[in-house]
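Contents: one structure, followed by commentary.
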Amino acid sequence: MKRSRLGSLDVTSLGLGSAPLGGLFTPVSDADAEATIARAWSLGIRFFDTAPLYGFGLAERRLGAFLRQQPRDAYAISTKVGRLLRAPDGAAAEDEHYKGTSRERPVFDFCYDGVMRSVEESLARLGLDRIDVLLVHDPDDHYDDAVAGAFRALQRLRSEGTVKAIGAGMNQSDMLVRFAETVPVDCFLLAGRYTLLDQGALDALFPVCAAKNIGILLGGIYNSGILANPHTGAKFNYQDADAALVGRALALDELCRKHGTELKAAALQFCMAHPAVTVAVMGARNAAEIADNIAMSEMVVPAAFWQELRARKLVDARAPLPGGA
């Protein structure tokens, strides 16, 4: 598998995202989670992304159970800070997104001490001796606390050699631009904001990252499912997609069929063609899905498809396409 540089880390260009393994939208059994991670490993994936939020600790525990059995220097793992998991005083209502979870629920905490506690608790759930990449998670309404607290803690951990790369993971690009301009970060995880349906990252984020040598871990490549299976009721960025988005996705799917290829392949290869993208982080909830993701990265997408995509102005003219189309 192709490899890339992320700061001082050597990483595979495809990574496994673990939100589905935490029961995103539907529960996942322990056996299916283990089989998914094992299949990813057998197919050459050596970058794994997780977070306390994903299944409220479940994804971290499942990843750690497998990775503890592997040579520690053979892979890189990223997790996140900004949420501590705490059991509520009363009964825990079922979460809107994560199913089959424990009673613990996330509580925002971007202060220095909260971040240090978060790292300790993540290491305990993972059962690992270290984390390679540490990201401030979803500080949308907490910019000041993130800069004054969370990033100060992350910089200390990096300077001590406890972690090798720091940054932030968000579903927006505007605040990542602000962080890039004020905090010495190594990478960002950007979810759902550079896809066949949304190229907003081209405006400011990718240029500033290129100028400052900040790597991009790209998630949400299928925009929560609409670019994997476009239909009425499909999800777009974790919500039900509106009719206009479904129409655009169906038009892209029709163009793929015209050229004898698949929408998932086009969606993934489009994202990986941008030089700012270091790792494409792909979620999967079973072994078949991770194998399919890798197959989509290798499927031949005809040059004629990219040429027609460009000619019909279905993507931003500034977006690089595979093969220079």
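The values are calculated or read from the model by the stated rules, or taken from the named source; none is laboratory data. Every value quoted in this text rests on a predicted model; they were computed, and no experiment measured them. Please note: Cβ atoms are built from the backbone with ideal geometry, for glycine as well, and neighbour counts cover all protein chains shown. Side chains included, ligands, DNA and RNA excluded: accessible areas come from the protein's heavy atoms. Shrake-Rupley method; radii C 1.70, N 1.55, O 1.52, S 1.80 Å.
Summary table below
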item	result
Matching residues, the stretch 123-142, being under 18 Å from the mean Cα position of the chain (by Cα) and surrounded by fewer than 18 Cβ atoms within 10 Å (Cβ to Cβ)	140
Subset of the stretch 176-211 [open to solvent by 20 Å² or more (accessible area, probe 1.4 Å) and either closer than 22 Å to residue 238 by Cα or modelled with pLDDT under 95 (or both)]	193, 198, 199, 200
Of residues in the stretch 220-231 being within 21 Å of residue 278 (Cβ to Cβ) and open to solvent by 10 Å² or more (accessible area, probe 1.4 Å), the one farthest from the chain's Cα centre (by Cα)	222
Filter result (within 14 Å of the chain's Cα centre (by Cα) and open to solvent by less than 10 Å² (accessible area, probe 1.4 Å)) within the stretch 18-29	18, 21, 22
Residue within the stretch 236-243 that is modelled with pLDDT of 95 or more, among the hydroxyl-bearing types (Ser, Thr, Tyr) and either open to solvent by 60 Å² or more (accessible area, probe 1.4 Å) or over 26 Å from residue 203 (Cα atoms) (or both) present	no
Total residues in the stretch 268-287, condition open to solvent by 40 Å² or more (accessible area, probe 1.4 Å) and either within 16 Å of residue 319 (Cα to Cα) or free of Cβ contacts under 8 Å to residues at least 24 places away in the same chain (or both)	2
Answer from 190, 245 - the residue that is in contact with a strand residue (DSSP E or B) (Cβ under 9 Å, 6 or more places away or on another chain) and closer than 21 Å to residue 22 by Cα	190
Positions within the stretch 268-316 being assigned to a loop (DSSP other than H, G, I, E, B) and within 15 Å of the chain's Cα centre (by Cα), in sequence order	276, 284, 285
Inter-residue pairs, beta-carbon under 9 Å, first in a helix (DSSP H, G or I) and in the stretch 232-246, second crowded, with 18+ Cβ neighbours inside 10 Å and of a type in the set (Val, Ile, Thr), 6+ apart	245/226; 246/226
Condition check for residue 265: among the small types (Gly, Ala, Ser), in a helix (DSSP H, G or I) and open to solvent by less than 40 Å² (accessible area, probe 1.4 Å)	yes
